[in-house]
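The values are calculated or read from the model by the stated rules, or taken from the named source; none is laboratory data. This one's a predicted model, so the numbers in the text were calculated from it and none came from an experiment. Heads up, the Cβs are rebuilt from the backbone with ideal geometry, glycines too, and the neighbour counts pull from every protein chain shown. Only protein heavy atoms, including side chains, enter the accessible area calculation; ligands, DNA and RNA are left aside. Shrake-Rupley method; radii C 1.70, N 1.55, O 1.52, S 1.80 Å.
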Amino acid sequence: MNGVKKKKTPSSGGDADDVLCCCEYINQKGEKSHLAACLCDCEDLDEACDRWITCKSLKPEVLARVIETASDRFRVPWIQGAKKVDIGILPPLVLLPVSLYLAAFHVLLGVVVLSSLPVLVIWYYQLTHRRKGKTLLFLSLVLFSLGYMYYTFVREVFLKGHIGWGHLFAITGGLFMILLFLAKAKQDPGYLNKSATRAKAGNDLNGSSRAWEGPESPRRGLYEDRLEKDLLIADKNWCKVCQVVRPARSGHCRICGRCVLRLDHHCVWINNCIGSRNHKFFILLLLTFMFTSVYGITITLSTLCRDQYIISALFYCPGAYADYSTSFAFTCVWYCAIVTGGVAYLLLVQLLNISYNVTEREARMALREKTARCYLGGLVVDPGTYNQGLYQNWLHFLSLDSRSTGTDLSDIV
């Protein structure tokens, strides 16, 4: 069976032949295709299967093309054409439940599975996203983990009568706050506007040139020096990709392909950059997750391992593997504990960076260029450029969104 494909034709006054039905779409080659032909005519998949059957090595670029083709063809019927669904959201939907299900059978199996889960996720990411593009893989894993852990908590703890409505409302409220701050953290991080920055830079330079008009002006030499300095600064901070002059502490994100005001880093877990406009919401997201997760872990362990301290119960809980229901809940607790530990480390680094008024991007650059002082084994990196003391540094961070983020050339370094 060969897929029937039609060349895409330009629209001519609403011709009926150009209107897509709910099962048609325009593929990556610009051709009209149908969902019924999604499993047909895939040369890359045929080549991969042939090499696998003949025990030949599978080239990474072949597998990448197979995944790219599958991602382009993975669509759902929709009005005026089938809509594309990011294939990156599928692995977490399968990987997480299967891993937790296997890990709940035995404590040793749980150690092996939970230890290999992060490695497996990173391996899949490196295998399928070599070009470092934006992906929904980690964000879908975050959202599905939140939903799946909440469902397990309700089923294994609340519905069995171990806790009351007060604890459930507290966990539910924490979950809604996490989702709220996540939505806020995914907003515009402070993308630079090309037209605005170019106009501002042009006005600054024109203003400098008009200030010393007149050949006998006593300040002519001063303004000439300033104009030359401004031109050098603008040339140094000019982004060839975005066609903008970057203000101080701004940077270009290679994943998003845009320049961001006070760029901290690109967070793959929320699939967005962290900049001047969403950094505070990112910190609130981490804090809310920490409190909600620790609270949920504490309640669950207190019901599974009665008359034991919470920390010791995490490592030794007699009777946790007496039946599969309690062992599954205990495995989910351990999964939450591992994730919470990673979030705690990220939050600690963020709080230390804010205390020293340094962004993650500036810290990495300073370490690479060996121009920073390091404390606590490299956990604290202080380039000293913007550090004004703990109190002033936190005031600066808390006023980020209300501070002027213009592109005055005098603020560019």
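Assorted remarks:
- Phi-based couplings in Hz for segment 170-179 (Karplus 6.51, -1.76, 1.60; Gly and Pro marked x): 5, 5, 5, x, x, 5, 5, 5, 4, 5
- Val349 - accessible surface, heavy atoms, 1.4 Å probe, Å² rounded to 10: 20 Å²
- Working note: Cα atoms of segment 275-413, range along each principal axis, descending, whole Å: 68, 32, 23.
- When peptides 311-317, 279-285, 327-333, 96-102 are sorted by average Cβ neighbour count within 10 Å, with the highest value leading, the order is 327-333, 279-285, 96-102, 311-317.
- Looking at segment 316-393, the trypsin sites (Lys or Arg not before Pro) that sit in a DSSP loop and have at most 12 other Cβ atoms within 10 Å of their own Cβ are Lys370.
- When only alpha carbons are used to place a centre, segment 84-161 and segment 366-389 end up 35 Å from one another.
- Among residues other than Val349 with Cβ under 14 Å from its Cβ, the summed charge is -2 (Lys and Arg +1, Asp and Glu -1).
- Carbon/sulfur fraction of accessible area - segment 248-343, other protein chains in place, 1.4 Å, %: 67 percent
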